[in-house]
Protein chains: 2
Amino acid sequence: MGIQLITVSASLLQGEGTDEAAQAVAHLCFARGLPIAGRQIIGEDEGEVEAALRLGLERGQLVIVLSGSGGSAGEPVRRALSRVLGLRLILNEKILQALQTHYARQERAMPRRAERLALVPQGAILLETAEGEPGLLLDTESVAVALLPLDPESAVTLAVNQLFPLLQERLASRLTTLVRTLKVVGPDIGEVEERLGDWLAGRADCTVLCLPQLGEVWVRITVRGSAGVAEAALDEVEAALSERLGQDCYGRDQEMLEAVVGRLLIDRGLTLAVAESCTGGLLGHRLTEVSGSSRYFERGIVTYSNEAKTALLGVSKAILTRHGAVSAQCASAMAKGIRAKAKTDLGLAVTGIAGPDGGSEEKPVGTVFLALATADDVKTERRRFRGNRSQNKWLSAQFALDLLRRHLL
Amino acid sequence: MGIQLITVSASLLQGEGTDEAAQAVAHLCFARGLPIAGRQIIGEDEGEVEAALRLGLERGQLVIVLSGSGGSAGEPVRRALSRVLGLRLILNEKILQALQTHYARQERAMPRRAERLALVPQGAILLETAEGEPGLLLDTESVAVALLPLDPESAVTLAVNQLFPLLQERLASRLTTLVRTLKVVGPDIGEVEERLGDWLAGRADCTVLCLPQLGEVWVRITVRGSAGVAEAALDEVEAALSERLGQDCYGRDQEMLEAVVGRLLIDRGLTLAVAESCTGGLLGHRLTEVSGSSRYFERGIVTYSNEAKTALLGVSKAILTRHGAVSAQCASAMAKGIRAKAKTDLGLAVTGIAGPDGGSEEKPVGTVFLALATADDVKTERRRFRGNRSQNKWLSAQFALDLLRRHLL
């Protein structure tokens, strides 16, 4: 019997937004060896909540309900829960006081209606942190139900600091599930599957999956076994797969390509500047998502016009006339130009056609040239992507980062 | 009775990735007045799929299963489906032929195992497009089940071009649900709720929700009624809410702030260049996500170091020494500098502390200065954000775009 997650959000049924809170909680549970057995998403409707709760309780020993926006778990959820568990709704003094304090601080009278926010099923334990929204726990002999806020940060904080400690005994299990994701850039999913071959058939204690992502492939290893044994098995499988993937595997789990590149730059003591055209700033943006990137990232220049390419990067008019702004020659001149102007060790450049307009027969939409300039060399690469504008920008930045990564290795 | 969506993906139970295909299909259904009544997410396990199918069929007249990675709907799903509907699995000649062609093209013998991919429940209708992955439809008298691929684009293409036309009669309904989202930047959610006041209580045919987003607030209007009447009601509610939101409402539905700004620049015939520090390229990236942005976006400069600010934007050493790189004076000099260098009508600049390091008592993490330079004026703004590094970067770009938008209005 596992954990069942229920998200109460009509927006998600309408295809708006992503179920961030459920993903965060699922990730957290999984990382602790507490796998989620199933997820449901329903609207803010008392009847639907009741049906989902009944189903969740049939299937799991712990049901986590993510609900409410801008407050604790909503009224229909608490009413449905009291009915399903056969508990009366009573006024919680602590919640009531918090509400009164809230209104007093604003020097406003508390509306009569607000009192209903303090009505909770009898026996509910209030989950709260210094900051963020509160939650509730109903812990009966046979089952437990937790109500957590839809705000992912509050939900995770409450789960880690209050819910898991309170449910420690119930959740203890002798079997543990471990997962590791190897991240691969370069070969496509077919090539990765080919290389992993027999591993994809899996074995009794372990499954290996290949998952396509934009501009990369994730190889997910899942191992289930008793504590101690599972860890060793996971390491063994990872070592075997890593050998087959070689340098195409850039990292694992939460590691981002931009962070891996950043670490390599720090290790080698090198600085970097970038010149972008079609990526419009995305390459610099990704590099600077990494905390501490100011140690190696000196500047970025986004030259969307030919004039800017000449004025800021010293790309000659002859190159632009003869080969065009989307050419290996232009990429090379941009990389050399930014490196010289910024006085950095490395210069990385991207120029291409993100689309949807601007393509030609010779250079269709998605054609991109990458260049990396070092003290004594410039390396260029021609690529052809087949995504939409946004995907082509992402893929251009991705393979520019990978060009740099492979140079640093 | 509505539509039930089932996603088969253990990754989602582990908190990895987002349920993109289900969101895309839900959005599509909703936009056509075919609301999704519930969603389930389960792992790639025949027993779980069977249970989810039984539940879905109890609750809905159409169940859409999103499943499979790198292929058509997976084997366990088809087996579970044949059992739930009481149909035999038979070899589909068309799928078998496609498989044989696939292997023949690669000059490889088709593995015996691959034949199983052609086994489908008797009576299944093959859904296919020229490109992308195929799907299946089982249309019985009482219920219909569709298997669609997990790739969002393929799933949507199949739904629009094949599934909906095939199920037209079953899905016809006299009531329609319409949704419109007003997007608000500037006031926080409390201020927006205050302004909308009585509208949030809703009325019989319409609900109004305030949804917090990073750096903006979405006001969602949902109207249900008969065709013709619902459209008029939606327009009426939108007009009433728009009046209360005024210029703080920048657009609606799929409109992005960067696209709205772009349209205003084109309308006014103005060009733009940007100078970024803490956003690291994100501002340029967002502006260039808009197709056709080369008409007004001339260049972007990311000056991560003080040297770059002086060399590329002409920020005086005196400003950097006296006020620091994170100051109104520096932002102002950056905006004026980029405008002069790029010879554009407008120069937009951002400098700040994205975090997690670099904060001080006077200028804590999240402190950001924005500046907009025009021919005869520079406007600066000081902001304080309280997110993580990535959120602070996003918020900085967001309010820089909004500063520009309000100037253009």
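The values are calculated or read from the model by the stated rules, or taken from the named source; none is laboratory data. None of these values were measured; they are calculated from a predicted model. Because the Cβ atoms are built from the backbone with ideal geometry, glycine has one as well, and the counts that use them run over all protein chains shown. In case anyone asks, the SASA skips ligands and DNA or RNA and just uses the protein heavy atoms, side chains included. Shrake-Rupley method; radii C 1.70, N 1.55, O 1.52, S 1.80 Å.
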For residues in segment A:210-228 being open to solvent by 70 Å² or more (accessible area, probe 1.4 Å) and not polar (S, T, N, Q), which is farthest from the other protein chains (Cβ to nearest Cβ)?
A:ALA227
Tally time: how many residues in segment B:16-42 are within 17 Å of A:GLN4 (Cα to Cα) and surrounded by fewer than 21 Cβ atoms within 10 Å (Cβ to Cβ)?
1
The residue from B:ILE353, B:ILE338, B:ILE319 that alone is of a type in the set (Val, Ile, Thr) and more than 35 Å from the chain's Cα centre (by Cα) is B:ILE319
Go through (1) at pLDDT 95 or above; (2) open to solvent by 10 Å² or more (accessible area, probe 1.4 Å); (3) within 14 Å of chain A (Cβ to nearest Cβ) one by one and return the number of the condition B:VAL350 breaks.
(2)
Note on segment B:369-406: residues more than 13 Å from B:VAL185 (Cβ to Cβ), more than 14 Å from chain A (Cβ to nearest Cβ), modelled with pLDDT of 95 or more and crowded, with 17+ Cβ neighbours inside 10 Å are B:PHE369, B:LEU370, B:ALA371, B:LEU372, B:ALA373, B:VAL378, B:THR380
Selection from segment B:124-150 of residues that are closer than 24 Å to B:LEU55 by Cα and open to solvent by 60 Å² or more (accessible area, probe 1.4 Å)
B:ILE125, B:ASP139, B:GLU141, B:SER142
Lone qualifier among B:ALA232, B:ALA204 - being in the same structural domain as B:ARG180 (by TED's automatic domain parsing) and more than 30 Å from A:ASP19 (Cβ to Cβ):
B:ALA232
Residue under evaluation A:VAL326, criteria (1) over 21 Å from A:ARG383 (Cβ atoms); (2) open to solvent by less than 40 Å² (accessible area, probe 1.4 Å); (3) more than 7 Å from chain B (Cβ to nearest Cβ), criterion not met:
(1)
Note: among A:LYS309, A:LYS393, A:LYS343, A:LYS363, just one is of a type outside the set (Asp, Glu) and on the phi > 0 side of the Ramachandran plot, namely A:LYS343
Identify, by number, the condition in (1) modelled with pLDDT of 90 or more; (2) part of a helix (DSSP H, G or I); (3) not charged (D, E, K, R) that A:TYR103 doesn't meet.
(1)
If you take the residues in segment A:296-314 that are farther than 29 Å from A:LEU264 by Cα and more than 7 Å from chain B (Cβ to nearest Cβ), which one is nearest to the chain's Cα centre (by Cα)?
A:ASN306
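For the structure I just gave you, tell me whether A:ALA24 is assigned to a helix (DSSP H, G or I), under 30 Å from B:VAL208 (Cβ atoms) and more than 7 Å from every other protein chain (Cβ to nearest Cβ).
Numbers: assigned to a helix (DSSP H, G or I): yes; under 30 Å from B:VAL208 (Cβ atoms): yes; more than 7 Å from every other protein chain (Cβ to nearest Cβ): no.
Here the answer is no, as A:ALA24 does not meet what is asked.
Within segment A:105-120, is even one residue over 37 Å from the mean Cα position of the chain (by Cα), surrounded by 12 or more Cβ atoms within 10 Å (Cβ to Cβ) and not basic (Lys, Arg)? Spell out the reasoning first.
Initially, segment A:105-120 is screened for residues over 37 Å from the mean Cα position of the chain (by Cα), giving A:105-113, A:115.
Among the residues that remain, those that are also surrounded by 12 or more Cβ atoms within 10 Å (Cβ to Cβ) are: A:110, A:115.
With the extra rule that they be not basic (Lys, Arg), the set shrinks to A:110, A:115.
Yes - at least one qualifying residue is present in segment A:105-120.
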A:ALA98 - would you say it is more than 14 Å from every other protein chain (Cβ to nearest Cβ), of a type in the set (A, V, I, L, M, F, W, C) and open to solvent by 10 Å² or more (accessible area, probe 1.4 Å)?
yes
For segment B:49-82, give me each residue that is within 21 Å of A:VAL49 (Cα to Cα) and not in a strand (DSSP E or B).
B:ALA51, B:ALA52, B:LEU53, B:ARG54, B:LEU55, B:GLY56, B:LEU57, B:GLU58, B:ARG59
Let me spell it out: the conditions are (1) open to solvent by 50 Å² or more (accessible area, probe 1.4 Å); (2) of a type in the set (Lys, Arg); (3) out of contact with any Ser or Thr (no Cβ under 6 Å at 6 or more places or on another chain), and B:ARG180 meets all of them except one. Which number is the exception?
(1)
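Using the structure shown, decide if B:CYS249 is in contact (Cβ under 8 Å) with a residue 24 or more places away in the chain, open to solvent by less than 60 Å² (accessible area, probe 1.4 Å) and over 24 Å from the mean Cα position of the chain (by Cα).
Numbers: in contact (Cβ under 8 Å) with a residue 24 or more places away in the chain: yes; open to solvent by less than 60 Å² (accessible area, probe 1.4 Å): yes; over 24 Å from the mean Cα position of the chain (by Cα): no.
Answer is no for this residue.
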Count, please, the residues in segment B:29-47 that happen to be facing chain A (nearest Cβ under 7 Å) and in a helix (DSSP H, G or I).
1
So, in segment A:268-295, of the ones that are more than 8 Å from every other protein chain (Cβ to nearest Cβ) and surrounded by fewer than 24 Cβ atoms within 10 Å (Cβ to Cβ), which residue ends up nearest to the chain's Cα centre (by Cα)?
A:VAL290
Filtering segment B:1-15 for residues that are surrounded by 22 or more Cβ atoms within 10 Å (Cβ to Cβ) and in a strand (DSSP E or B) leaves a count of 6
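So, B:SER327, is that one in contact with a Phe, Trp or Tyr (Cβ under 9 Å, 6 or more places away or on another chain), free of Cβ contacts under 8 Å to residues at least 60 places away in the same chain, over 29 Å from B:ARG263 (Cβ atoms) and of a type in the set (Ser, Thr, Tyr) or not? Working first, answer last.
Values: in contact with a Phe, Trp or Tyr (Cβ under 9 Å, 6 or more places away or on another chain): yes; free of Cβ contacts under 8 Å to residues at least 60 places away in the same chain: yes; over 29 Å from B:ARG263 (Cβ atoms): yes; of a type in the set (Ser, Thr, Tyr): yes.
Here the answer is yes, as B:SER327 does meet what is asked.
Could we say that B:ALA335 is open to solvent by 10 Å² or more (accessible area, probe 1.4 Å) and modelled with pLDDT of 95 or more here?
Details: open to solvent by 10 Å² or more (accessible area, probe 1.4 Å): no; modelled with pLDDT of 95 or more: yes.
Answer is no for this residue.
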Lone unmet requirement of (1) under 30 Å from A:ARG386 (Cβ atoms); (2) open to solvent by 20 Å² or more (accessible area, probe 1.4 Å) for A:THR157
(1)
